[in-house]
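Data first, discussion second: the structure below is written as structure tokens.
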Amino acid sequence: MMINIVRRIAIMALTAAALHSPLSMADTMEQSAFAAMGGKDGLQKIASLGMDNVLNDDRIKDKFTGANIPRLKLLLGTQFCALLDGGCVYGGKDMEAAHKGMNLNDADFNALAEDFRNAMIDLGVPNRHQNVLLAKLAPMEKPITAH
């Protein structure tokens, strides 16, 4: 259910922007979100706090048993930066390979999205900028939950 809400919010935000902006609006939205989130350092804080939230979330924390959490936090921060065109290059696995064998489902993905959204709220990221990152993450649901 949460991902449906996340998708709707992301679609509404992107549609509204597209209707009122030139074609380069997506780039502008990403750059604006990148800046509003505090650049690379801010995205790393979001990744770190988001993973802390995940590890305290009884719905999904067991899915990350045995994971190298410091490395995962670093990779997530870099991935978020790359998604927002912040000059980072994500060097981790693709989402399908990274989550193979974890047996994640839609509810797990929704819980994770909620935990990262809560991290952004806790760090004072405005909703419109949260939605830009969530819109970039939403298409990852299918490859993440495929295995």
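FYI, it's all coordinate maths here, none of it is from the lab. It should be emphasised that the depicted structure is a prediction, and the values quoted were computed from it without experimental measurement. We place every Cβ from the backbone using ideal geometry, glycine too, and count neighbours over all the protein chains shown.
Exposure proxy ranking for L112, L76, based on other Cβ atoms within 10 angstrom of each Cβ and starting from the fewest, stands as L76, L112.
By the count of other C-beta atoms within 10 Å, a proxy for reagent exposure, D52, D115, D57, D62 are ordered fewest to most as D62, D52, D57, D115. Across segment 46-56, computed HN-Hα scalar couplings (Karplus, 6.51 cos²θ - 1.76 cosθ + 1.60, θ = phi - 60°) run 4, 4, 5, 5, x, 5, 4, 4, 4, 5, 9 Hz from first to last residue, x flagging Gly and Pro. Spin-label model, A97 to D62: label points 7 Å out along the Cα-to-beta-carbon direction sit 2.9 nm apart.
Centre-to-centre, using Cα atoms only, segment 78-147 and segment 24-68 are separated by 7 Å.
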